[in-house]
Amino acid sequence: MFTTLNRILAAGFKGFYRNFTISLSAILVMVISLLSFAGIYLTSELLKPSIAQLEKKVDVNLYFETDAGDEEINFLKAELEKIDQVASVEYVTRDQALQNFKERQTSDVILQALDSIGENPLGAVFNIKAKQISQYDEVASFLDVIEGSPEYAPIIERVNYNQNKLAIDKLNVIITSVQRFGIAISALLVILAIIITYNTIRLAIYTARNEVAVMRLVGASKFFARGPFIVEGIFYGLVAGIIALLILWPAIYYAAPFLQEIFILNLYDFFLTKVWVVGAFLIIAGMILGAISSLLAIRKYLEI
């Protein structure tokens, strides 16, 4: 058994070496495909901290009338916190709202006008955050019901979700578009890699057709005749995975300082913590692509 496997491996490596020039196109497309996989993963990790920061800045604000009572406000806060989509409800009291307003002002005229009023003109505020960016519509719908209810309508001044909706929608579109674009490009490149590797193995089968015929005449099994072509495809993927990793490593090293000026994450430091995982993924994914392409070509063109 081990002798047969050794011979299959040797024959597969021989075919890989013999057809190396023809194989370059297949290896190149595999490299691009694998780099696209890695690019999607790393882009996702790069965007996560930035998206998290943006999500922290997005909320829905519920403004109360100045005569709203603490008991009613606290009861509504408890009701909102029971909603599955709500992550937190920050209660800003009237005094804190006034203090925050004064800290944001740079105009002495506005501050003097506040002092001349003699009382706090601001009501309390709820800053409501959803668990996920896509859940703000559901939270806003619930707030619309509350705002129109006889119980809470007298104490609620307004809900400003519509003012924040544009920013929320844009963030949703960016996240969804990045994910869909990455998946579409990867799928296209995988199909292209399989087609090119498939055709490369087909040429290898055609080149070795006489050798296969002789092997069958002397009693070689189907497994022994087909094995070298599968091994050859796996070698394509193995080489493509190693090349992809060798390209990716220095590319991230040089790109990381520029990316960190835009994004929060240091991509190179993150990559170093995941280098073995990324490397193993690239090599294994490449070998699987090569094996699938070889099997498809063998089933179609290697008649035994």
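Listing PHE101, PHE263 from fewest to most neighbouring C-beta atoms within 10 Å gives PHE101, PHE263.
Computed from the Cβ-Cβ distance with R0 of 35 Å, the FRET efficiency linking ALA187 to ASP137 stands at 0.75.
Based on the mean of other Cβ atoms within 10 Å per residue, sort peptides 24-34, 248-258, 145-155 so the most packed one is first. Don't skip to the end; give the middle numbers.
Details: 24-34: 22.0, 248-258: 13.9, 145-155: 12.3.
Most protected by this proxy first, the peptides run 24-34, 248-258, 145-155.
Between LEU28 and ARG104, residue separation times 0.36 nm minus the direct Cα-Cα distance comes to 21.7 nm.
Kindly state, to the nearest 0.05, the FRET efficiency for GLU65 paired with ILE262, given R0 = 45 Å and r defined as their beta-carbon distance. Walk me through the intermediate numbers first.
Numbers: r = 43 Å, r/R0 = 0.95.
Working from the Cβ atoms, E equals 0.60.
Report note on the peptides 126-136, 289-299: ranked by the mean count of other C-beta atoms within 10 Å, highest first, their order is 289-299, 126-136.
Around GLU79, under 11 Å between beta carbons, what's the net of Lys plus Arg minus Asp minus Glu among the other residues?
Details: positive: LYS77, LYS82; negative: GLU72, GLU81, GLU151.
Spelling it out: positives minus negatives among the neighbours equals -1.
Label-to-label distance, TYR253 versus GLU72, with points set 7 angstrom from Cα along the beta-carbon direction: 6.6 nm. In terms of surrounding Cβ atoms within a 10 Å radius of their Cβ, THR93, THR176, THR200 rank from fewest to most as THR176, THR93, THR200.
What's the FRET efficiency of ILE242 with ALA87 using the Cβ-Cβ distance as r and R₀ = 51 Å, to the nearest 0.05? Don't skip to the answer; put the middle values down first.
Details: r = 44 Å, r/R0 = 0.86.
The pair ILE242/ALA87 has a calculated efficiency of 0.70.
Looking at this model, which pairs from LYS56/LYS170; LYS56/LYS77; LYS48/LYS77; LYS56/LYS102 are more than 21 angstrom apart at the alpha-carbon?
On the way: LYS56/LYS170 15 Å; LYS56/LYS77 19 Å; LYS48/LYS77 30 Å; LYS56/LYS102 23 Å.
With Cα atoms farther than 21 Å apart: LYS48/LYS77; LYS56/LYS102.
Rank these for me by crowding, ILE191, ILE242, ILE230, going from fewest to most other beta carbons within 10 Å. List each step's numbers first, then the result.
Working: ILE191 11, ILE242 16, ILE230 21.
Fewest-to-most ranking of ILE191, ILE242, ILE230: ILE191, ILE242, ILE230.
Any read-out appearing in this document is the output of simple, stated calculations on the displayed coordinates, not a laboratory observation. Please read all numbers here as calculations on a predicted model, not as lab measurements. Every residue, glycine as well, gets a Cβ built from its backbone with ideal geometry; the counts of neighbours run over all protein chains shown.
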